[in-house]
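**Student:** Below are the structure tokens for one structure; questions will follow.
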Amino acid sequence: MTARENKLRVLILCTGNSARSQMAEGLLRHLGGTRYEVFSAGTKPAGVNPLAIEAMREVGIDISTQRSKSVAEFAGQEFAAVITVCDNAAEECPIFPGAPQRAHWSLTDPAAVFGTEQEKLGAFRKVRDELERRIQSFVNSVVSGAHP
């Protein structure tokens, strides 16, 4: 695996880089600690969704300073793993040098949920909790030497 300063570089991709990938970035930083250098990006960046910030704040993780980035910012860079968290990003994901481990987690877009603010926030919480489960499993598999 590619390491920079002994850290595993991980890129998390989604279409808008506004919710799922932003929450995943914050969770992997939190759960993975200093072992990871974590980035997120989108194929069509749209800004960080305030409900993603709120859902993460509820579990003590501040993503309010993260920004929505284009996958083009990372062209040519090497990563130990590239994780897509939406189907569109998986289809449009570019090839990265160094043969990174690839994972695809098909997660519902919480920003697409209609309803009251509480119903919308509930959708973000559900995705956050699913991401936390998958990221904890990812961290555990890397620690044990299994492939992500």
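**Student:** I need every pair where a residue in the stretch 122-142 that is without any contact (Cβ under 8 Å) to a residue 60 or more places away in the chain and farther than 21 Å from residue 109 by Cβ has its Cβ under 8 Å from the Cβ of a residue that is open to solvent by less than 70 Å² (accessible area, probe 1.4 Å) and not β-branched (Val, Ile, Thr), sequence separation at least 6 or different chains.
**Tutor:** 141/148
Per-residue answers, yes or no, for (1) closer than 18 Å to residue 26 by Cβ; (2) surrounded by fewer than 13 Cβ atoms within 10 Å (Cβ to Cβ); (3) at pLDDT below 95:
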site	(1), (2), (3)
80	no, no, yes
96	no, no, yes
100	no, no, yes
103	yes, no, yes
124	yes, no, no
131	yes, no, no
135	yes, no, no
140	no, yes, yes
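**Student:** Which one of these is modelled with pLDDT of 95 or more, open to solvent by 40 Å² or more (accessible area, probe 1.4 Å) and under 14 Å from the mean Cα position of the chain (by Cα): 53, 63?
**Tutor:** Values: 63 fails: open to solvent by 40 Å² or more (accessible area, probe 1.4 Å).
That would be 53, the only listed residue that is modelled with pLDDT of 95 or more, open to solvent by 40 Å² or more (accessible area, probe 1.4 Å) and under 14 Å from the mean Cα position of the chain (by Cα).
**Student:** Next question, about the same structure. Spot the failing condition for residue 30; the list is (1) part of a helix (DSSP H, G or I); (2) at pLDDT 90 or above; (3) out of contact with any helix residue (DSSP H, G or I) (no Cβ under 7 Å at 6 or more places or on another chain); (4) crowded, with 20+ Cβ neighbours inside 10 Å, and only one is missed.
**Tutor:** (4)
**Student:** Right, another one. On the given criteria, is residue 92 at pLDDT 95 or above and among the charged types (D, E, K, R)?
**Tutor:** On the way: at pLDDT 95 or above: no; among the charged types (D, E, K, R): yes.
Here the answer is no, as residue 92 does not meet what is asked.
The values are calculated or read from the model by the stated rules, or taken from the named source; none is laboratory data. Just so we're clear, the structure is a prediction, and the values are computed from it rather than from any experiment. When we count neighbours, we look across all protein chains shown, and the Cβ atoms used for this are built from the backbone with ideal geometry, even at glycine. Just so you know, the surface numbers come from the protein's heavy atoms only, side chains and all, with ligands and any DNA or RNA stripped out. Shrake-Rupley method; radii C 1.70, N 1.55, O 1.52, S 1.80 Å.
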